Amino acid sequence: MRTIVLRTLALLAMVPATLVAVYFSTLGTAWLMAGPNDPISNFTTAPLTILFMLVAGWAGIVTAWKLYYHFLKSSYPPAWWRQAIVGLFLGYSATAMISLLLPTDCLLMLIFVGVPTFVASVLLGFLVSSTLRRT
């Protein structure tokens, strides 16, 4: 049952979210490289916010994929479970920042914030249940 849930989660949520992240990371990196020519980048916090969202978002995505492959093979917690929790919460913080920057359209919020939050919540549930099983 766990394998079916994980494979469905990967196919319907993790792969599309990763592809969207690749696309918007390319745009964010290009915007950061534009540097002083862009009038928006003259604000001090805008480049720092974009940089934090890129780093935190990719930390969350990489952690999610590592947990996915770990839980396909094992029901025990990984040796790096504390780092996994930090990575998932970095992903949560990136989606929270995205939700602050997006317009309040319900469908946009559901897609760009809801799907990654759902993935992180399911993987965090697997992680917590495996950690509790160990003790």
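The values are calculated or read from the model by the stated rules, or taken from the named source; none is laboratory data. Quantities reported herein were computed from a predicted structural model and do not represent experimental measurements. Quick reminder, even Gly has a Cβ in these numbers, built from the backbone with ideal geometry, and neighbours come from all protein chains shown.
Which residues, counting only those in region 111-130, are within 22 Å of VAL55 (Cα to Cα) and free of Cβ contacts under 8 Å to residues at least 24 places away in the same chain?
Taking region 111-130 first, the residues within 22 Å of VAL55 (Cα to Cα) are 111-124.
Matches in region 111-130: ILE111, VAL113, GLY114, SER121.
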**Item:** Among the residues listed as ALA13, ALA34, the single one being small (Gly, Ala, Ser) and either over 13 Å from the mean Cα position of the chain (by Cα) or not in a helix (DSSP H, G or I) (or both)
**Value:** ALA34
**Request:** Look at region 57-86 and say how many of its residues are closer than 16 Å to THR18 by Cα and out of contact with any Gly (no Cβ under 6 Å at 6 or more places or on another chain).
**Result:** 10
**Message:** Looking at THR18, THR3, can you tell me which residue is in a helix (DSSP H, G or I), hydroxyl-bearing (Ser, Thr, Tyr) and in contact with a Leu (Cβ under 9 Å, 6 or more places away or on another chain)?
**Reply:** THR3
**Asked** Can we say VAL119 is more than 28 Å from ARG2 (Cβ to Cβ) and at pLDDT 90 or above?
**Response** no
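Take the residues in region 28-41 that are of a type outside the set (Val, Ile, Thr) and surrounded by 11 or more Cβ atoms within 10 Å (Cβ to Cβ); name whichever of them is modelled with the lowest pLDDT. Working first, answer last.
Residues of region 28-41 of a type outside the set (Val, Ile, Thr): 28, 30-39, 41.
The next check asks that each one be surrounded by 11 or more Cβ atoms within 10 Å (Cβ to Cβ); those that pass are 28, 31-32, 34, 38, 41.
Working: GLY28: 84, TRP31: 78, LEU32: 78, ALA34: 72, ASP38: 61, SER41: 53.
So, considering only residues that are of a type outside the set (Val, Ile, Thr) and surrounded by 11 or more Cβ atoms within 10 Å (Cβ to Cβ), the one modelled with the lowest pLDDT is SER41.
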**Message:** Whether any residue in region 78-90 is touching a Phe, Trp or Tyr at 6+ places or on another chain (Cβ under 9 Å), surrounded by 15 or more Cβ atoms within 10 Å (Cβ to Cβ), modelled with pLDDT of 90 or more and not in a helix (DSSP H, G or I) is what I want to check.
**Reply:** yes
